[in-house]
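The structure appears below as structure tokens.
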Amino acid sequence: MPTKSINYRFKEKLRSTLGGEAYSYCYQCGACVGDCPAAMYSADFNPREILLQALLGDEEALTSENSPIWNCTNCYTCYERCPQAVRPVEVIIALKNICFEKVTSAPEVRELVSSVRSTGRTVKITALSDRRRKELGLKEVKMVPIEELEKLFEP
Ligand code: SF4
Ligand code: SF4
């Protein structure tokens, strides 16, 4: 059976990233899995397994483009369920932030971020959506003040 060494550098990185501090308190009870909506709909998603990979320092599995973390809906159910106050959802958010630093976030997510940066919206307003809004008697969607948006993104 192939062996894999523990990546202590990555474990320390996760511990020092906002939200990731308590990951090592996980004792693999699985209480975070039962009511997790993402686990119900995707056989590939399991917050306990994500925590196990974090405990093993599996940087490659957790921070690659096809990492399971991108299936988390941020519903915070696991936050309520965990008896160890690991705050699994916040560990997952910390992992997502590490992915952004490494530029290994999922392409769909990068696209969303780029749309928010350039238009202030996650969904593009098209001529068709404008027309449908008019037909439904809804107000015209106003442009987002881009200069103010840019200030929000300033480091
Ligand atoms: S926040 Fe994510 S991991 Fe936690 S219960 Fe919701 S979908 Fe599952
Ligand atoms: S509920 Fe908490 S301690 Fe239990 S497996 Fe999930 S993260 Fe680990």
>> Cβ contacts < 7 Å: first residue more than 11 Å from ligand 1 (Cβ to nearest atom), restricted to the stretch 64-76; second residue in a loop (DSSP other than H, G, I, E, B) and charged (D, E, K, R), any location; separation 6+ or different chain. Result?
In response: none
> If residue 50 passes every condition in (1) open to solvent by 20 Å² or more (accessible area, probe 1.4 Å); (2) within 16 Å of ligand 2 (Cβ to nearest atom); (3) not in a loop (DSSP other than H, G, I, E, B) but one, which one does it miss?
Replying inline: (1)
> Out of 34, 30, 57, which single residue is away from ligand 2 (no atom under 12 Å from the Cβ) and over 16 Å from the mean Cα position of the chain (by Cα)?
Replying inline: 57
> Just one of 42, 24, 5, 67 is among the hydroxyl-bearing types (Ser, Thr, Tyr) and modelled with pLDDT of 95 or more; which is it?
Replying inline: 24
> Looking at the stretch 80-97, which of its residues are surrounded by 21 or more Cβ atoms within 10 Å (Cβ to Cβ) and β-branched (Val, Ile, Thr)?
Replying inline: 86, 89, 91, 92
> Which of the following residues is within 29 Å of residue 28 (Cα to Cα) and open to solvent by 40 Å² or more (accessible area, probe 1.4 Å): 73, 126, 63, 119?
Replying inline: 73
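The values are calculated or read from the model by the stated rules, or taken from the named source; none is laboratory data. Every value quoted in this text rests on a predicted model; they were computed, and no experiment measured them. Heads up, the Cβs are rebuilt from the backbone with ideal geometry, glycines too, and the neighbour counts pull from every protein chain shown. Each accessible area value is taken on the protein alone, full model and side chains, heavy atoms only, with ligands, DNA and RNA left out. Shrake-Rupley method; radii C 1.70, N 1.55, O 1.52, S 1.80 Å.
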